[in-house]
Amino acid sequence: MARWQAPAPEGLVYVIGDVHGCVDKLEALLEQVDDDMARTGPGKVVFVGDYIDRGEGNAEVLAFVSQITSAHPDQLYGLMGNHERMALDFLADPTGPAKRWLRYGGLQTMASFGVGNGLTTDTRNTGGLLDAAGDLMEAMGSDLVDWMGALPLSWSSGTLWVVHAGADPVVPMDAQPSKSLLWGNGDFLKVERSDGQWVAFGHQPFEAPFAQDGRIACDTGAVYGGNLTAARIDPEGEVTFITA
């Protein structure tokens, strides 16, 4: 952080990386976050999205995060990840381009809701896709689907922004295209911002989290055997990491 002014959120913030159905790691990490807040005082908790797909506890994670963020809307915040976006697109049009979701963890998510038995990544089974989407919609329920569809793409406090995948470094943070926020931007890790804003993000797993040059990486590949990570950012600009 040598030549960068430290991030300056308005209060203590914890940014939690991609969960991908790793419910046990999520529970363990939140216990550590709770313990930390018990020592230092309350803070905001922001999830970067990708609660579902690839892991096994997708239904549990989605239900849990939706419940706690709805119950504590002034302290806990959930963002939309590209995997939530793919799931919503599949529910809306399961035989169109969104059927690719099955190849990126959608089968595991459907299985966690008890639907999609016998469905494979062979997306030529039009009838099976329509049935699976209808069964998943029924299993999730309209409240959960609506919650997921209403998730925002960013959250900010002071000079800290939290997004799912990244941001276009030459576009103001309040004018970012949704594609950059959900899927990333090719220049995000190559070109430094000139506006002094810090961007905490997930989406791209790293072996270890880092905070440098205006970027705070929080995805450490929990679903691939790595840790689930929370970046702890205090108002004085210190960034540390909590892992489970």
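The values are calculated or read from the model by the stated rules, or taken from the named source; none is laboratory data. All of these numbers come straight from a predicted model, not from anything done at the bench. All Cβ positions, even for glycine, are placed from backbone atoms using ideal geometry, and neighbour counts span all protein chains on display. Quick note on the areas: whole protein, heavy atoms, side chains included, nothing else; ligands and nucleic acids left out. Shrake-Rupley method; radii C 1.70, N 1.55, O 1.52, S 1.80 Å.
Name the residues in segment 111-157 that are among the polar types (S, T, N, Q) and either modelled with pLDDT of 90 or more or in contact with a strand residue (DSSP E or B) (Cβ under 9 Å, 6 or more places away or on another chain) (or both), would you?
S112, S142, S154, S156, S157, listed by residue number.
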Checklist entry - Which condition does D74 not pass, out of (1) part of a helix (DSSP H, G or I); (2) out of contact with any Leu (no Cβ under 8 Å at 6 or more places or on another chain); (3) free of Cβ contacts under 8 Å to residues at least 40 places away in the same chain, if it passes all the others? => result (1)
Checklist entry - Of the numbered conditions (1) open to solvent by 10 Å² or more (accessible area, probe 1.4 Å); (2) in contact with a Leu (Cβ under 9 Å, 6 or more places away or on another chain), A92 satisfies every one except a single condition; which is it? => result (2)
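Please go through segment 95-109 and pick out each residue that is crowded, with 18+ Cβ neighbours inside 10 Å and in a helix (DSSP H, G or I). Working first, answer last.
Of segment 95-109, the ones crowded, with 18+ Cβ neighbours inside 10 Å are 98-99, 101-102, 105-109.
The answer is A98, K99, W101, L102, G106, L107, Q108, T109.
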Item to check | Scan of segment 56-102 for residues that are among the small types (G, A, S) and touching a Cys at 6+ places or on another chain (Cβ under 9 Å), ordered by number | outcome: G57
Item to check | Residue among V170, V163, V199, V145 that alone is under 30 Å from A71 (Cβ atoms) and surrounded by fewer than 21 Cβ atoms within 10 Å (Cβ to Cβ) | outcome: V145
Item to check | Total residues in segment 110-149, condition in a helix (DSSP H, G or I), more than 17 Å from D93 (Cβ to Cβ) and in contact with an Asp or Glu (Cβ under 7 Å, 6 or more places away or on another chain) | outcome: 1
Checklist outcome for this item: Of all strands (runs of 3 or more DSSP E) fully inside segment 180-235, the set with 3 or more residues that are touching a residue at least 12 places away in the same chain (Cβ under 8 Å) and in contact with a helix residue (DSSP H, G or I) (Cβ under 9 Å, 6 or more places away or on another chain) is 229-233
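Here is a list: R54, R85. Which entry is in a loop (DSSP other than H, G, I, E, B) and in contact with a helix residue (DSSP H, G or I) (Cβ under 7 Å, 6 or more places away or on another chain)?
On inspection, the qualifying residue turns out to be R54.
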